[in-house]
Amino acid sequence: MSYTRFAVYYLPPEGELADFGAAWLEWDCVTARTVTPLHVPGLHDVTMTPRKYGFHGTLKPPFRLAEGTDVAGLQKALLQMAATCAPAQCDGLALTVLGRFLALTPVGDISGIARVAATCVEALDTFRAPPSEAELVRRRKARLSERQDALLQRWGYPYVMEEFRFHLTLTGRLPVNEIDYWTETARAHLPTLPAPFAMDAVALVGEREDGRFELIQRYTLTG
């Protein structure tokens, strides 16, 4: 399989949360298959934007491979990184409204999760091709702060390091008058959320030619 971009995700382990996320988004990036959706009117439309990524938390944002690098080298570097990076844990996850979209976000001390994400961003940066001028223009349309723009130039993405906010996305941008409805709908379908929440593995994923992301390999954090 050839991929256009790669990323490092947190993917929930096999279980109720992973099953919910796959059915909610109609795409399971672990098994690379379309999933029978939940019977919720309108859900297909509000999950259209996050669907192609699968149910995940981004640790290293999607990137194209730098010239002179390859997938085998990326996998070897990620294996080495995982061997020196300690797992992370927080109190749990909670359903949250972020701006105008819904996500599951960590509760409690998130410094360990931020550490894992920063390690992924930094340790694998030599494999990241620099963003094109068009990508920079598109990102800057979000009215980035001076610091976010500096992060964009240094790491290829504005929301990393101290600007990083871990989340597992559930919807695209919602109309303001529908936020309460979709919050209650999500809450009604969510399984019991993990408490505590542990991040003990990371996943290399690839973007297929059809734009959907799928799992390539998981790596246990043993540092």
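The values are calculated or read from the model by the stated rules, or taken from the named source; none is laboratory data. Bear in mind the structure is a predicted one, so any value in this text is a computation, not a measurement. Cβ coordinates were reconstructed from backbone atoms using ideal geometry, including for glycine residues, and neighbour counts include every protein chain displayed. Remember, those area values only see protein heavy atoms, side chains included, never the ligands or the DNA or RNA. Shrake-Rupley method; radii C 1.70, N 1.55, O 1.52, S 1.80 Å.
Values computed for the structure shown
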quantity	calculated
Sum of side-chain charges, LEU193 neighbourhood, beta-carbon under 14 Å (Lys, Arg +1; Asp, Glu -1)	-2
Cα→Cβ-extended label distance, 7 Å offset, between ASP91 and GLU184, nm	2.6 nm
Per-residue SASA entry for MET48, accessible area with 1.4 Å probe, Å² rounded to 10	110 Å²
Gain on full stretching of the segment that runs from GLU16 to ARG115 - 0.36 nm per residue minus C-alpha separation	33.0 nm
With at most 14 other Cβ atoms within 10 Å, longest stretch of the chain clear of loop GluC sites (Glu not before Pro) (DSSP)	68-208
Inter-label distance, nm, simple model (7 Å from Cα along the C-beta direction), GLU26/ALA142	2.5 nm
Whole-Hz couplings from phi, Karplus 6.51/-1.76/1.60, listed for the range 151-166; x for Gly and Pro	5, 4, 5, 7, 10, x, 7, x, 10, 10, 6, 5, 8, 6, 9, 5
Full-extension gain in nm, GLU135 to HIS39, via 0.36 nm per residue minus C-alpha separation	30.9 nm
Rounded tilt (10° steps) of 111-123 against the dominant C-alpha axis of the chain	40 degrees
Calculated from backbone phi, Karplus (6.51, -1.76, 1.60) coupling profile of the range 71-82 in Hz, x at Gly/Pro	5, 4, x, 4, 5, 5, 5, 5, 4, 5, 4, 4
Whole-Å distance, taken between Cα centres, linking the range 151-223 and the range 81-115	9 Å
Residues of the chain: accessible area per residue with a 1.4 Å probe, Å²	50 Å²
From phi via Karplus (6.51, -1.76, 1.60), per-residue ³J(HN,Hα) for the range 198-215 in Hz, x at Gly/Pro	10, 10, 10, 7, 10, 9, 8, 10, x, 8, 6, 5, 7, x, 8, 9, 9, 5
Whole-percent carbon and sulfur share, accessible surface of the chain, 1.4 Å	52 percent
Sequence-distant residues sharing a close amide H with TYR157 (under 5 Å, placed H)	LEU152
